[in-house]
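Novice: Just dropping this structure here.
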Amino acid sequence: MAEWVASLDIDGWSLLFAALSLVAGWVLSRLARRGLTRLLARLPSLGEAVRTAIVRVVVYALILLGVGVALGFLGASVQPLLAIALIVAVVLVLVLRGIADNFAAGVVLQTRRPIEVGDVLTSDDIEGEVVELNGRAVVVKTFDGRIVHLPNGAVLQQPLVNESAHGARRSEVEVRVGAAADGMPEAITEAVRAVEGVHQRERVDVLSRSRSPERQIYRVRFWHHPKHGTTVSSAVVDSLAEALAGRGIPATVTSDPPAAPLTPPFQT
């Protein structure tokens, strides 16, 4: 280290140019901060954390560039500096690899916008409402009240389902009628549409699964708000059981989880 310092060739001009390099690096960093802040503000899809991180990286790079140029004017050998820079770069790559991956994935999520705050998503067996998108993770509030931080990289690497893309989600119940009866599809449709929370703009599908003189089985499909699947399905089961019992028809109504893939709503 002493030999490296002794090798410096310092005179008045060297000190002047070194000082100017430091000042230029500082001025450029300030101008870059202002310009990037204004430019990135025009990209609302980028979160505040992402914009701040980009600005900081550019500012620090310009300041370090000014320091390097200043040391060059003072006659410092660039080989020790390059060695130190390479060591620091390798350490940063190894230590910050996961952070960098999540940061890059966060930029993709916030620019391509497959999900937004308020959407209902399913990823890695986690289902809930998106409450925040930042440079590290997608923050999800599950329907049982938990807060889950899904790393951005993991969200992009695994299947990502946006449950609220169409503004509605389809659920199903199964109706087993213990005796032959006429007009069952119409009666089932009427009972389902009477339930609060069932969308009226989409069609209620009553599909025959099995028919015999002793038994009829129907698969009933209906649409509702993406967040209200459990509540609406429960109300549909109660409504169908009461409607069929009022007609004197023995029936069993079973609620199935909405595992069927989403399809665009059918307009009536």
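Novice: Kindly rank 119-125, 244-250 from highest to lowest mean number of other beta carbons found within 10 Å of each residue.
Specialist: 119-125, 244-250
Novice: Still on this model: Would you kindly give the portion of the calculated P(r) for region 173-237 that falls above 14 Å, as a percent of all Cα pairs?
Specialist: Values: 1157 of 2080 pairs.
Roughly 56 percent, rounded to a whole number.
Novice: Taking each pair of distinct Cα atoms in region 127-268 once, what is the resulting Kirkwood hydrodynamic radius in Å? All intermediate terms of the calculation are to be shown ahead of the outcome.
Specialist: Numbers: mean 1/r = 0.0595 Å⁻¹.
Value: 16.8 Å, from the Cα pair sum.
Novice: At what distance in nm do the modelled label points of residue 143 and residue 228 sit from each other, each positioned 7 Å from its Cα along Cα→Cβ?
Specialist: Going from the residue 143 label point to the residue 228 one covers 1.3 nm.
Novice: Next up: With every protein chain present, what accessible area does residue 221 have (1.4 Å probe, heavy atoms only), rounded to the nearest 10 Å²?
Specialist: 70
Novice: Let me ask something additional. Would you mind computing Rg(Cα) / (2.2 N^0.38 Å) for region 138-181, counting N as its residues? Write down the numbers at each step before the final one.
Specialist: Details: Rg = 18.0 Å, N = 44, 2.2 N^0.38 = 9.3 Å.
Against the compact-globule rule of thumb, the ratio is 1.94.
The values are calculated or read from the model by the stated rules, or taken from the named source; none is laboratory data. Note that the structure is predicted; figures quoted are calculated from it, not measured. Quick reminder, even Gly has a Cβ in these numbers, built from the backbone with ideal geometry, and neighbours come from all protein chains shown. Side chains are part of the model used for accessible areas, which takes the heavy atoms of the whole protein and leaves out ligands, DNA and RNA. Shrake-Rupley method; radii C 1.70, N 1.55, O 1.52, S 1.80 Å.
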